[in-house]
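Working notes for the structure below.
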Amino acid sequence: MWQKLKSKITGMTIVMWTIGIVTLALVVYGSAVTLISGKYTLKQWIDFLIFGLAQGGIYALIALGYTQVYGVLKMINFAHSEVFMSGPMIGYFVATDLYHFNYIDTHPYLSILIVLIVAMFVSMSVAVILERIAYRPLRNAPRLVPLITAIGASFFLQYFFKGLFGSNIKVYPDWKVFLGKWVVFGQPILKIQIIVFFAAVLLMAGLFSFMQRTKTGKAIRAVSEDKDAAALMGIDVDSTISFSFALGGMMAGAGGVFYALMYKQVFFLMGFVPGIKAFTAAVLGGIGNVPGAMLGGLFLGLFEAIGPNLFLDGLGIPSPYQLKDVIAFSVLVLVLIFRPTGILGERLAKRA
Amino acid sequence: MENRHFWQSEVMNFGWLAGILVVLLALVGMVVSFSQRGFISGVMSEGQLLIFLTVALIGFVAGKKMERQSVLKVALWGGIIGFVAGLSLIVLVLLTGIKPLNLRSMFLNASPQLVKVLTFGKGQGAGFLYLLLLNILSGIFGGLAAVIPGIWGSGLANSALITILIGLLTDIWKTFLPRGVAKFFFANKGFNVTGFLITFFFILAFLLFWSLYGARIKVSYGNVASRQPKKVKITWWVISLVVLLLLPRLVGSYLSEVLDLVGIYIIMGLGLNIVVGFAGLLDLGYVAFFAIGAYTMGVFTSPELGLFHLTFWETLPLSILFAVLAGVLLGIPVLGMRGDYLAIVTMGFGEIIRLLVLSDALKPILGGAQGLVGIARPTVGHIVVKNPPQFYYLILAGIFIAWYVASALKDSKLGRAWMALREDEDVAQAMGINLVSIKLLAFATGAALSGLSGAIFAAKLNSMVPHSFTILISIYVLSLIIVGGVGSLPGVVVGALALIGTPELLREFAEYRMMIYGAVLVGMMLYKPEGLWPEPARRRELHGEEGKSAVTASTAPVQMSEEA
Amino acid sequence: MGILETHDATKRFGGLVAVDKVNIDIAERSIYSIIGPNGAGKTTLFNCITCFYTADEGEILLDGHPIQYLSPDRVAHKGIARTYQNIRLFSNMTVIENIMVGMHIHTHYGYLDALLRSPRKKKEDAKSVAEAQRLLNFIDLTGKGDLFAKNLPYGEQRRLEIARALALRPKVLLLDEPTAGMNPIETENTMHFIRRLRDELGITILLIEHDMKVVMGISEMITVMDFGKVIAKGTPDEIKANPRVIEAYLGHGAAEAAA
């Protein structure tokens, strides 16, 4: 037994565990300091929490796209962050038009539905076209090839949109009904954050039941398990793969509109950071695993909303909020080192 | 075929494709932006050229697809394609004219300038006719270039392309050529009509001449080369060395600046080529080591921070050392990761470094968002290296070192182990290769070269800001090694000249650089994965399929029975 | 005591026991075969012996020393080399480079030697090239050293994979279905070739094979596996007569008929 243990401890594992333990110690110490100092009130913590949930819901929606595609193609769709960006970008023009016709104020719910549908459709189309042009011809190529294609496609789309619509930041019009706060249990909470969170959960639940119940959903799962066997069972693999790109795209498009509603703005580079974070969320939950992506997204959103104030502040780091992206990236690295299969994942045995 | 409507037929598919492409080129702004420069002065701007080139290209592809058809039919096809493309543009122009639609509120570039460029400034009637006609001609030209057999077809296509290239680089020729000659060929921006015609027909004539006598010349050169291989080789070496050494004097200060930048990217490219090309580890955080090299140079020499007061040469080894340390540090956590995971984690790492540098937390040591100024200049003897031609030599020395390192390692057991790792990690390990050490060596060596490059970069700029170190740098370097040919050393140089040099010379390109790079990456992977200048031994490098052995196994019995 | 032994080697994947308490004992300079239906756990056993998988229980001994917790590259150093069921050559490297990768552990120079192109590096590389050429002759691929591995015909790829394994100078060579996909003549040649490896180079050979003619023709000892377990063990003649083996291969009724 001792020998077995000894054999598993190499210099590398020691280094990694040291990194892990030091990180953990810093987090615990920092949190303790912050909490004891009482810098933030309970109310503020609840604000962070709700914000984290809303943010996490968006991450989860994007993460679904990564996971769907990873499931069927075993590749990371690097350009998914641009799929996410494209929907709300076009949605913006619809929204401003609606605004000019005063439609947003008179029919707020119908108009948000229109924007949402347009954005989902655009993101879906971008995802499907991307698959058709850039990925399908390379399905049997060595792994590096589609990956580089995806990176290329990602940057192409970013700057293509910049060329078409300009590089300026576009401000979404206000939906008056979503402004302001609701009081829940005596606690005022931003309406938009609650709405975004519940809408995201609703969409995810819809997707989940779609995957479980419908024939197409089952086909996607079958293709994820084994493409050849699925083909033998009479499943059209090509269209199933297209379909999972479409689903992922729709979710990302919806996530994009929520993002635009929360942050009020869209621009051509907006996909990059949420993209990496959503990928982190997908890995966190176990890539290829649909419920995992949802959980991972929520978890990351919370972590990011609370983390900087909780432990970086306690460590005496000035303006900790600048480093919130560093936290997300560090989470990604740590997860991949210590639990590459993610919280729920068991999909990739020998891959990470 | 017969049952389908005409507009669903193949030629119309090409036509629609051409139409969509040219409309997108217009909407994305490239047409207008390129039109600031003439291609043939007063006749055609580069923006218009872009449209016709696209149409010709589609015509060419369509022509290739129907190679066996009669020349007349292909010409007809090309014409139809051009017609559809032209018509699409006309529709676009008409749409921009509809006031209530206000196309411009969405598409920034649907502007009056665009209309002017598309109608050749001749108003809607004559302009449309012009546009349509030239598009049709381009389509026909492309189609014919594809199907006319022998030297005439390819000669036409090639001389057109070469002429265009010469026209685009007008500014370079002007610095070389005597004023009188330059004035004869070139107008203020681009060719003049005589220059264009002479160049085109001269190149066409040359290509014809070469097709007739080229083989004979090659044979006689081959004879000389085989009789005295060493002498010929040395002659070539000496010639290229002399040219390299004289280059900054020949091209002047501005082009030296461009060469410097290209050189800095060549050093980085040679480093990343070790990591990606040799060992197959896709590292997107490569800019981090460049930043670390640069920041080491800055922090240790900048009087602004006043932490240290070392000279350039004292700091250079430190820059490399810190980059190597960072390379190993990044290497350790990602040891177990493959392919896409590695890519995204290294990308995250690059971002972490950038965010840390930007942050207020580290401002006292790294200078924060304002960056650093007063970075030391290198001195050689009594000369302070400061202007671009002087830096050229420093960078050239760096390139030689990087080239030597890469080629020495490639041709060693380490190089072979890296390639084995790239091909099949599990099998490499079963061959007794210690994956940990060779992966770390790859990261460390790549990082060292990137650090070297960063140190020179910092010293050259004399000051720097964190915004110089975005993920885009990593993507530039990756793109240039892909374009040149993964794993190929000359490929790095070709890639850097093409991708870094061109946008510097053609400022219009610079704005669309990332879009073009992205498209180039996709296009290369789809159609030419081995790159522009692959190693001779690896021309077919990336053409293999992953399930190769399985395929062979299943087809093997067939082959066998044929033999038996 | 043999050169390679396993004691109760066990490997599980989730609920599935792929290799279940397998004991084999291979005598030095022998040809030993493992047979069994598809999914019997033969390749998993190979993966355990080469430490690509760590055995969950039991011991694997090479020359009496336990190796089961080593990493695959250390096992290669100790003297175990293998080939794969679906050929896994470095397909974008040349034939000679493939063999030279196999010689990695016997090429003694370091990073600095490589960087400085030291005399030692040149000498060692020259030695490797010479030895690689010798191996090429041995497998009848003389003059094909500069081809891409993937461009060789199937049979030559199989032989190249064996040559690459031989370059490690192994004590024990593990061959996973070396005659798969070959016609009878090629199979015959491969059998000769395997015998030569043992006779001329003194290498112990462990073989997974489906072709009964090959197995019965060249092995000295055979172990039969089914569902991860060893169901029989013995000389070819003993195995031929064993009712459990016939049952595993042909089903229950056949065994009774034979008896």
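Against the conditions (1) surrounded by fewer than 24 Cβ atoms within 10 Å (Cβ to Cβ); (2) more than 7 Å from chain B (Cβ to nearest Cβ); (3) of a type in the set (Val, Ile, Thr), where does C:Ile105 fall short? Just the number, please. Just one mismatch for C:Ile105, condition (2). Given the criterion modelled with pLDDT of 90 or more and not β-branched (Val, Ile, Thr), identify the matching residue among B:Leu92, B:Leu101. On inspection, the qualifying residue turns out to be B:Leu92. Beta carbons closer than 6 Å, at least 6 apart along the sequence or on distinct chains, pair a first residue in region A:319-342 that is open to solvent by less than 20 Å² (accessible area, probe 1.4 Å) with a second that is of a type in the set (Gly, Ala, Ser) and assigned to a helix (DSSP H, G or I) for A:Ile327/A:Gly307; A:Phe329/B:Gly348; A:Leu332/B:Gly348; A:Gly342/A:Gly285; A:Gly342/A:Gly292. Taking the condition more than 7 Å from every other protein chain (Cβ to nearest Cβ), assigned to a loop (DSSP other than H, G, I, E, B) and under 21 Å from B:Phe278 (Cβ atoms), does C:Leu89 pass? Judged against the criteria, C:Leu89 is a match. Cβ-Cβ contacts under 6 Å between residues 6 or more apart (or on different chains), taken from a first residue in region A:105-125 that is farther than 15 Å from A:Leu61 by Cα to a second residue that is polar (S, T, N, Q), are listed as A:Val122/A:Ser86.
From the list B:Leu366, B:Leu362, the lone residue that is surrounded by fewer than 18 Cβ atoms within 10 Å (Cβ to Cβ) and within 14 Å of another protein chain (Cβ to nearest Cβ) is B:Leu362. Output the residues belonging to region B:406-415 that are open to solvent by 20 Å² or more (accessible area, probe 1.4 Å) and assigned to a helix (DSSP H, G or I). Matches in region B:406-415: B:Ser407, B:Lys410, B:Lys413. Total residues in region C:222-242 satisfying the condition of being under 18 Å from C:Ala40 (Cα atoms) and open to solvent by 50 Å² or more (accessible area, probe 1.4 Å): the figure is 3. Given the conditions (1) surrounded by fewer than 22 Cβ atoms within 10 Å (Cβ to Cβ); (2) assigned to a loop (DSSP other than H, G, I, E, B), which single one is not true for A:Ile306? Answer for A:Ile306: the failing condition is (2).
Here B:Gly518, B:Gly491, B:Gly531, B:Gly484 are screened, and the one residue that is touching a helix residue (DSSP H, G or I) at 6+ places or on another chain (Cβ under 9 Å), of a type in the set (Gly, Ala, Ser) and within 8 Å of another protein chain (Cβ to nearest Cβ) is B:Gly518. Helices (runs of 4 or more DSSP H) fully within region B:27-145 that include at least 2 residues being open to solvent by 70 Å² or more (accessible area, probe 1.4 Å): B:46-65, B:71-97, B:112-118.
Quick grid of which residues meet (1) more than 30 Å from B:Leu94 (Cα to Cα); (2) modelled with pLDDT under 85; (3) surrounded by 12 or more Cβ atoms within 10 Å (Cβ to Cβ):
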position	(1), (2), (3)
B:Ala160	yes, no, yes
B:Leu168	yes, yes, yes
B:Phe201	yes, no, yes
B:Phe206	yes, no, yes
B:Ile234	yes, no, no
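Does at least one position in region B:195-204 carry a residue that is among the polar types (S, T, N, Q), more than 30 Å from B:Pro248 (Cα to Cα) and either touching a helix residue (DSSP H, G or I) at 6+ places or on another chain (Cβ under 8 Å) or part of a helix (DSSP H, G or I) (or both)? Scanning region B:195-204 turns up no residue that is among the polar types (S, T, N, Q), more than 30 Å from B:Pro248 (Cα to Cα) and either touching a helix residue (DSSP H, G or I) at 6+ places or on another chain (Cβ under 8 Å) or part of a helix (DSSP H, G or I) (or both). Looking at A:Val257, A:Val201, just one residue is open to solvent by less than 10 Å² (accessible area, probe 1.4 Å), assigned to a helix (DSSP H, G or I) and either of a type in the set (A, V, I, L, M, F, W, C) or more than 20 Å from A:Ala328 (Cβ to Cβ) (or both), and that residue is A:Val257. Does B:Trp403 meet the test of being open to solvent by 30 Å² or more (accessible area, probe 1.4 Å) and at pLDDT 90 or above? Yes.
Those helices (runs of 4 or more DSSP H) of region B:489-537 in which 2 or more residues are touching a Leu at 6+ places or on another chain (Cβ under 6 Å) occupy B:489-496.
Just checking, does region B:252-261 include any residue being more than 21 Å from the chain's Cα centre (by Cα), open to solvent by 10 Å² or more (accessible area, probe 1.4 Å) and aromatic (Phe, Trp, Tyr)? The answer is no; no qualifying residue exists. Restricting the search to strands (runs of 3 or more DSSP E) fully inside region C:3-71 and requiring at least 3 residues that are closer than 22 Å to C:Pro236 by Cβ gives C:4-13, C:16-26, C:31-35.
Which of the residues that make up region A:118-146 are open to solvent by 50 Å² or more (accessible area, probe 1.4 Å) and within 14 Å of another protein chain (Cβ to nearest Cβ)? If the condition is that a residue be open to solvent by 50 Å² or more (accessible area, probe 1.4 Å) and within 14 Å of another protein chain (Cβ to nearest Cβ), then A:Ile129, A:Arg132, A:Ile133, A:Arg136, A:Pro137, A:Arg139, A:Asn140, A:Arg143 are the ones that fit. For residues in region C:109-129 being at the interface with chain B (Cβ under 8 Å from one of its Cβ atoms) and of a type in the set (A, V, I, L, M, F, W, C), which is surrounded by the fewest Cβ atoms within 10 Å (Cβ to Cβ)? Going through the qualifying residues, I end up with C:Leu116.
Being part of a helix (DSSP H, G or I) and free of Cβ contacts under 8 Å to residues at least 24 places away in the same chain is true of B:Val238. Considering only residues in region C:67-86 that are β-branched (Val, Ile, Thr) and either open to solvent by 60 Å² or more (accessible area, probe 1.4 Å) or more than 14 Å from chain A (Cβ to nearest Cβ) (or both), the one that is nearest to C:Ile194 (Cα to Cα) turns out to be C:Thr83. Looking only at region C:26-57, which residues are more than 24 Å from C:Glu247 (Cα to Cα) and open to solvent by 10 Å² or more (accessible area, probe 1.4 Å)? Scanning region C:26-57 gives C:Ala27, C:Glu28, C:Arg29, C:Ser30, C:Asn47, C:Thr50, C:Phe52, C:Tyr53, C:Thr54, C:Asp56, C:Glu57. Taken together, the residues in region A:102-117 that are among the aliphatic types (A, V, I, L, M) and surrounded by fewer than 20 Cβ atoms within 10 Å (Cβ to Cβ) amount to 4.
With the structure loaded, tell me whether C:Asn151 is within 14 Å of another protein chain (Cβ to nearest Cβ) and over 20 Å from the mean Cα position of the chain (by Cα) or whether it fails that test. Judged against the criteria, C:Asn151 is a match. Please go through (1) of a type outside the set (D, E, K, R); (2) under 22 Å from the mean Cα position of the chain (by Cα); (3) more than 18 Å from B:Leu133 (Cβ to Cβ) for B:Gly47 and return the number of the only condition it doesn't satisfy. Looking at each condition in turn, B:Gly47 falls short on (3).
Report whether or not B:Gly454 is outside any loop (DSSP other than H, G, I, E, B), over 16 Å from the mean Cα position of the chain (by Cα) and not β-branched (Val, Ile, Thr). Judged against the criteria, B:Gly454 is a match.
Residues of region B:403-452 that are basic (Lys, Arg) and either over 22 Å from B:Val477 (Cβ atoms) or in contact with a Cys (Cβ under 8 Å, 6 or more places away or on another chain) (or both): B:Lys413, B:Arg416.
The values are calculated or read from the model by the stated rules, or taken from the named source; none is laboratory data. From a predicted model like this one, the values you see are computed outputs, not experimental measurements. Positions of Cβ are generated from backbone atoms using ideal geometry, with glycine treated the same way; all protein chains shown enter the neighbour counts. The accessibility values were calculated without ligands, DNA or RNA, using every heavy atom of the protein model including side chains. Shrake-Rupley method; radii C 1.70, N 1.55, O 1.52, S 1.80 Å.
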